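Peer 1: Below are the structure tokens for one structure; questions will follow.
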Amino acid sequence: MHDEARETGRLDPARDGAPRRRHGRGRRRRYNFHADGNGSGATERGSDGATYAALDLGTNNCRLLVARPTQEGFRVVDAFSRIIRLGEGLAASRRLSAPAIARALEVLSICRDKMHARGVTRARLIATEACRAAENGPEFCARVQEETGLKLETIDRETEATLAATGCTPLVDPQADGVILFDIGGGSSELVRLARSAPTRHGPPAPQIRAWMSLPLGVVTLAERHGGVKVSRDLYETMVREVAALIDGFASRNGDGLDRLHMLGTSGTVTTIAGVHLALRRYDRRRVDGCWMSDAEVSRVVERLLAMSYEDRVANPCIGADRADLVLAGCAIFDAIRRAFPCERVRVADRGLREGMLVQMMREDGVWAAAEAEA
């Protein structure tokens with residue numbers, strides 16, 4: 001995957017292009033990049049106030065987002081994403097491998113330098129399933145701090161589900177009663193039943209979580225278990241059934257009122273499906289984030305992907321070599337969710353944990369509360 005670049009971080013894509021007013025509130029302390037508690041070497045922040053960073057080190061990807069608050073949400077000033085496959089081989093060995101650790105350290109050093117260059121004053125750096133599951137996860141995090149100065153926080157699954165919901169809440173249709181939110185990760189996947197959020201004058205709405213669950217598998221673990229290069233229809237259905245068995249209980253308790261809900265998906269799987277559906281010649285976040293797909297349209301894309309050879313998937317500009325062996329495992333997880341929660345439409349989110357972290361930090365700092373007082 002190419003390094004990520006975004007021109008806008010507005011929380012509601014329907015409002016892109018509207019005038020933005022920067023908001024300068026927030027904590028003024030410099031972020032502790034180093035284990036000794038000093039942030040030396042960072043460029044001074046601009047006069048417009050605090051600069052926030054959110055880093056998500058997942059089983060498959062490492063993602064960074066740097067942003068500054070606005071009245072409505074935040075404006076992205078830097079973004080970076082790289083597939084590193086930190087959890088490669090983890091299911092079999094229960095350990096992070098030396099090559100995966102080396103890849104992670106290289107990319108985390110890039111993220112550290114970007115945060116320094118942008119003058120970040122407040123940050124949160126999280127690690128998810130790979131570090132939760134690995135026997136050498138704590139050892140890896142200690143090495144990251146020693147070699148890069150970045151202190152990772154290994155979050156639990158409930159926190160992961162909450163952050164995903166916080167980041168995606170602005171995409172909930174206000175006319176719906178709520179959503180079934182899903183986040184298909186590399187090593188785990190989260191499902192959240194969200195009720196309708198109360199409207200806000202400034203900043204994004206807070207998520208109203210009715211129920212949540214975490215599946216102990218994601219695209220990397222499922223593809224490693226069943227194979228991702230040559231995927232027959234029988235093998236695909238085997239993957240779907242495996243995931244469905246884990247979802248059934250949650251679906252039976254939370255599957256009421258689906259005619260008044262829609263699905264909301266955040267992950268490489270659902271954004272890839274949207275990119276293929278839109279026939280993009282190259283991935284374009286501005287067209288994908290916030291787009292709607294019907295259940296029938298999703299089914300047609302999945303059928304296309306199942307009919308493709310591995311080489312065809314590699315050649316597709318919205319899949320590529322980095323995702324070609326993972327995308328069908330992701331589709332199997334998505335299909336299991338769709339069958340458990342048969343909603344007529346899904347909204348696609350190219351956002352999630354990082355945006356959730358940014359929103360939480362800014363909310364804690366009273367960014368939008370101050371805007372309310374000024375209004």
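Please treat every number below as a calculation from the coordinates, not as lab data. All figures in this text were calculated on a predicted structure; none of them were measured in a lab. As a convention, Cβ positions derive from the backbone with ideal geometry for all residues, glycine included, and neighbour counts pool all protein chains shown.
Peer 1: If each residue's Cβ is checked for other Cβ atoms within 10 Å, how do Asp295, Asp325 rank with the fewest at the top?
Peer 2: Asp295, Asp325
Peer 1: Additional query: In nm, to one decimal, how far is the Val314 label point from the Asp177 one, both placed 7 Å along Cα→Cβ?
Peer 2: 4.8
Peer 1: Now for a separate question. Give me Thr51, Thr238 sorted ascending by neighbouring Cβ count inside 10 Å, so fewest comes first.
Peer 2: Working: Thr51 24, Thr238 14.
The order, fewest Cβ neighbours first, is Thr238, Thr51.
Peer 1: Let me make sure I get this right: for region 157-200, a, b and c are the square roots of the gyration tensor eigenvalues over alpha carbons, sorted descending. Under 1.5 in a/c it's rounded, otherwise prolate if a/b > b/c, else oblate. Which is it?
Peer 2: Prolate, since a/c reaches 1.5 and a/b exceeds b/c.
Peer 1: Diagonalise the Cα gyration tensor of region 138-243 and give the resulting equivalent ellipsoid semi-axes, square root of 5 times each eigenvalue, largest first, whole Å.
Peer 2: Its equivalent ellipsoid spans semi-axes of 29, 25, 10 Å.
Peer 1: Between Leu235, Leu55, Leu261, where does the largest GNM mean-square fluctuation fall for the chain, given springs only between Cα atoms within less than 10 Å?
Peer 2: Leu235
Peer 1: Now for a different question. Divide by every residue of the chain the summed helix terms, -39500 (n - 2.57) for each DSSP H run of at least 4, and state the resulting mean residue ellipticity at 222 nm, rounded to the nearest 500 deg cm²/dmol.
Peer 2: -12000 deg cm²/dmol
Peer 1: Measuring from centroid to centroid over Cα atoms, what is the spacing of region 273-310 and region 333-357 in Å?
Peer 2: 14
Peer 1: Which whole-percent values make up P(r) of region 213-268 when all C-alpha to C-alpha distances are grouped in 10 Å steps starting at zero?
Peer 2: 18, 43, 31, 8
Peer 1: Would you calculate the separation in nanometres between label points at Leu105 and Asp156, each defined as 7 Å from the Cα along the Cα-to-beta-carbon direction?
Peer 2: Using points 7 Å along Cα→Cβ, the separation is 3.1 nm.
Peer 1: I need the helices of the chain that pass two filters: whole DSSP H segments spanning 24 Å or more by Cα along the axis, and mean Kyte-Doolittle score no lower than 0.0.
Peer 2: Helices meeting the span and hydropathy rule in the chain are 98-117.
Peer 1: In what order do Trp368, Trp212, Trp292 fall by count of nearby beta-carbon atoms within 10 Å, going from fewest to most?
Peer 2: So the ranking, lowest neighbour count to highest, is Trp292, Trp212, Trp368.
Peer 1: Calculate, for Ala296 and Glu146, the FRET efficiency according to 1/(1 + (r/R0)^6) with r their C-beta to C-beta distance and R0 41 Å; round to the nearest 0.05.
Peer 2: That pair, Ala296 with Glu146, gives E of 0.20.
Peer 1: Classify region 251-375 as rounded, prolate or oblate from the Cα gyration tensor: take a ≥ b ≥ c as the square roots of its eigenvalues, call it rounded if a/c is under 1.5, otherwise prolate when a/b beats b/c and oblate if not.
Peer 2: On the way: a/c = 2.43, a/b = 1.50, b/c = 1.62.
Here region 251-375 falls in the oblate category.
Peer 1: State log₁₀ I(q)/I(0) for region 171-349 at q = 0.20 Å⁻¹ as given by the Debye formula over alpha-carbon point scatterers of equal weight, solvent excluded.
Peer 2: -1.40
Peer 1: A follow-up question, please. Scale the Cα Rg of the chain by the rule-of-thumb value 2.2 N^0.38 Å and send over the ratio, two decimals.
Peer 2: Cα-based Rg divided by the globular estimate yields 0.95.
Peer 1: Working only with C-alpha atoms, what are the Rg and Dmax values of region 107-181, expressed in angstrom?
Peer 2: Final numbers for Rg and Dmax: 16.1, 49 Å.
Peer 1: Obtain the nm distance between the two label points defined at Thr200 and Lys230 by a simple spin-label model: each point lies 7 Å from its Cα along the Cα-to-C-beta direction.
Peer 2: If labels sit at Thr200 and Lys230, their model points lie 5.1 nm apart.
Peer 1: Can you pull a Stokes-Einstein diffusion coefficient for region 241-296 at 4 °C (1.567 mPa s), Rh from Kirkwood over Cα pairs, as a whole number of µm²/s?
Peer 2: My calculation gives 96 µm²/s for D.
Peer 1: Quick one: if the Förster radius is 25 Å, what FRET efficiency do Arg241 and Ala91 give, using the C-beta to C-beta distance and rounding to 0.05?
Peer 2: 0.85
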